[in-house]
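The values are calculated or read from the model by the stated rules, or taken from the named source; none is laboratory data. Since we're looking at a predicted model, the values are computed, not measured. Quick reminder, even Gly has a Cβ in these numbers, built from the backbone with ideal geometry, and neighbours come from all protein chains shown. Only protein heavy atoms, including side chains, enter the accessible area calculation; ligands, DNA and RNA are left aside. Shrake-Rupley method; radii C 1.70, N 1.55, O 1.52, S 1.80 Å.
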Amino acid sequence: AVILVFILLFTLFINNFKSLFKNQKNKLEALNRQTETIILRASLLSIIIFSQFSYSFDVAPIIAILIISLALLANENQYRLTVIRNKYLPIFKLTCSVIFLLVVYKGGRQIEEKYKGLKCWNEAYELYQFGIYDDAAEEYNLSKKYMPHNGLLLQMNGKCIDMGKKWKQAEVLLEEAKHLRADPILYATLGDVYSNLNEFSKAEYAYKQASYIEPSKFYPQYLLAKMYVMSGEKEKAQEVIKDLLTKEVKVSSSAILEIKDELKRLLQK
């Protein structure tokens with residue numbers, strides 16, 4: 001799939017602007033086509049660059065712009081695939097039709113499964129909000145059957161099971177989710193799981209990973225300090241607490257004030 005994407009982009013970008021000026025009779029039309037091509041290529045480049053730093057394909061308008069830009073660029077491209085009319089043309093058409101039908105069938109099945117998975121996910125979320133963690137976990141497991149490689153689903157399932165105090169099961173799900181997404185909440189939850197299992201070295205690693213992803217956040221380091229206190233590592237706890245108390249607050253909130261008050265109490269122990 002990656003190779004096909006590179007071939008597509010190469011084909012769309014390789015077309016030389018000079019070919020637009022071969023027809024000397026209408027230079028204005030050629031100049032307009034050149035301008036349109038530059039704009040479309042710039043749109044594609046901006047989406048490609050943006051996708052390296054964020055989840056661009058989770059935003060529907062960006063996907064729409066991508067599809068439209070590709071279609072318009074393909075229309076401007078001077079290279080056309082031509083098929084010689086011969087005795088193999090009907091076979092070629094039949095093969096393309098079969099492939100198209102298979103793709104449509106497969107896509108339809110995937111959409112149906114995703115719909116069922118999202119329906120179970122919604123039920124699980126509502127049960128989780130009411131604190132019915134066992135029933136919510138069952139719905140999450142049903143949703144996982146339809147969407148086994150959804151990192152956010154695995155993360156929320158693990159969090160739900162963690163709230164139900166089934167930490168070994170939560171560990172398995174969160175470790176699996178870790179390979180599909182990098183989220184500070186995921187690592188913070190994983191740290192909580194390892195703390196409850198008294199595996200403090202793993203908990204320390206998880207809390208630090210959460211802090212590295214979003215260094216400006218107080219919560220992961222606050223959890224790390226509490227874990228150090230729980231494990232009896234007072235010197236490390238004091239070091240983290242002092243760093244947090246002197247840390248610059250970007251956006252002040254009641255939650256940060258509460259965290260600082262509790263850190264001061266921990267420091268006095």
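Name the residues whose placed amide hydrogens come within less than 5 Å of the amide hydrogen of LYS166, ignoring near sequence neighbours (fewer than 5 apart) on the same chain.
none
Largest first, what is the accessible-area ranking of MET156, MET147 with a 1.4 Å probe?
MET156, MET147
Determine the calculated [θ] at 222 nm for the chain from helices alone, applying -39500 (n - 2.57) to every DSSP H run no shorter than 4 residues and normalising by the residue count; nearest 500 deg cm²/dmol.
-25000 deg cm²/dmol
Working from Cα positions, state the angle (0 to 90°, nearest 10) between the long axis of helix 184-196 and the longest principal axis of the chain.
Value to nearest ten degrees: 40.
Sequence gap at least 6, Cα distance under 8 Å: using those rules, report the relative contact order of the stretch 129-182 to the nearest whole percent.
For the stretch 129-182, the relative contact order is 37 percent.
In a Gaussian network model over the chain where Cα atoms closer than 10 Å are linked, find which of LEU94, LEU142, LEU152 has the largest mean-square fluctuation.
Per the Cα network of the chain with a 10 Å cutoff, LEU94 tops the list.
Which sequence of LEU102, LEU72 reflects their accessible areas, 1.4 Å probe, from the largest down?
Accessible-area ranking of LEU102, LEU72, largest first: LEU102, LEU72.
Over the C-alpha atoms of the stretch 59-199, what are the Rg and the largest Cα-to-Cα span, Dmax, in Å?
Just the Cα atoms of the stretch 59-199 yield Rg and Dmax of 22.7, 73 Å.
Just the number: Rg to Rh for the stretch 152-219, Cα atoms, Kirkwood Rh, two decimals.
Reported Rg/Rh, Kirkwood definition of Rh: 0.94.
Across the stretch 230-242, in residue order, what do the Karplus-derived ³J(HN,Hα) couplings come to in whole Hz, using 6.51 cos²θ - 1.76 cosθ + 1.60 with θ = phi - 60° and x for Gly and Pro?
Coupling constants for the stretch 230-242: 4, 7, x, 8, 5, 5, 5, 4, 5, 5, 5, 4, 5 Hz.
Keeping all protein chains in position, work out how much accessible area TRP121 exposes to a 1.4 Å probe, and write it in Å² to the nearest 10.
Taking all protein chains as shown, TRP121 has close to 30 Å².
Could you put TYR115, TYR146, TYR228 in order of accessible surface area, largest first, with the 1.4 Å probe and the full protein assembly present?
Solvent-accessible surface, decreasing: TYR115, TYR146, TYR228.
Tell me, what % of the accessible area of the stretch 110-269 is carbon and sulfur with a 1.4 angstrom probe?
Carbon with sulfur: 52 percent of the solvent-accessible area.
Starting from the stretch 180-248, pick out the GluC sites (Glu not before Pro) whose DSSP state is loop and whose Cβ has at most 11 other Cβ atoms within 10 Å.
Values: sites: GLU199, GLU204, GLU233, GLU235, GLU239, GLU248; in loops: GLU199, GLU233, GLU248.
Answer in residue order: GLU248.
If I model the stretch 187-269 as equal point scatterers sitting on the Cα atoms and use the Debye formula, what is log10 I(q)/I(0) at q = 0.18, 0.23 Å⁻¹?
Result of the Debye calculation: -0.70, -1.12.
Compute the signed sum of charges (Lys and Arg +1, Asp and Glu -1) over the other residues within less than 15 Å, Cβ to Cβ, of ILE47.
0
Find the all-direction average of the projected area of the Cα convex hull for the chain, expressing the result in square nanometres with one decimal place.
About 21.9 nm², averaged over all directions.
Work out the FRET efficiency for LEU72 and GLU233 from their Cβ-Cβ distance, taking R0 = 51 Å, and round it to the nearest 0.05.
After rounding to 0.05, the efficiency reads 0.25.
For a quick check of understanding: with a 1.4 angstrom probe and all protein chains in place, what accessible area in square angstrom does SER231 have, to the nearest ten?
For SER231, the solvent-accessible surface is approximately 40 Å².
Any idea what the dipole of the chain comes to, in debye rounded to 20, about its Cα centre with Lys/Arg Cβ at +1 and Asp/Glu Cβ at -1?
Approximately 1460 debye in magnitude.
What fraction, in whole percent, of alpha-carbon pairs in the stretch 139-189 exceed 18 Å separation?
The proportion of pairs with Cα distances above 18 Å equals 19 percent.
Have a look at PHE130, PHE100, PHE53 and tell me which one the Gaussian network model of the chain (Cα, springs below 10 Å) gives the largest fluctuation.
PHE53
Points 7 angstrom from Cα along the Cβ direction at ILE213 and ILE7: gap in nanometres?
In this crude spin-label approximation the distance works out to 3.6 nm.
What is the angle, in °, between the Cα long axis of helix 27-51 and the longest principal axis of the Cα atoms in the chain? Nearest 10 is fine, range 0 to 90.
Its long axis makes an angle of about 20 degrees.
Once label points are set 7 Å from the Cα along Cα→Cβ at both LYS168 and ILE38, what is their separation, rounded to one decimal in nm?
If labels sit at LYS168 and ILE38, their model points lie 6.6 nm apart.
Go ahead and set up a Gaussian network model of the chain, Cα springs under 10 Å, then flag whichever of THR95, THR35, THR189 fluctuates most.
Comparing THR95, THR35, THR189 in a Gaussian network model of the chain, the most mobile one is THR35.
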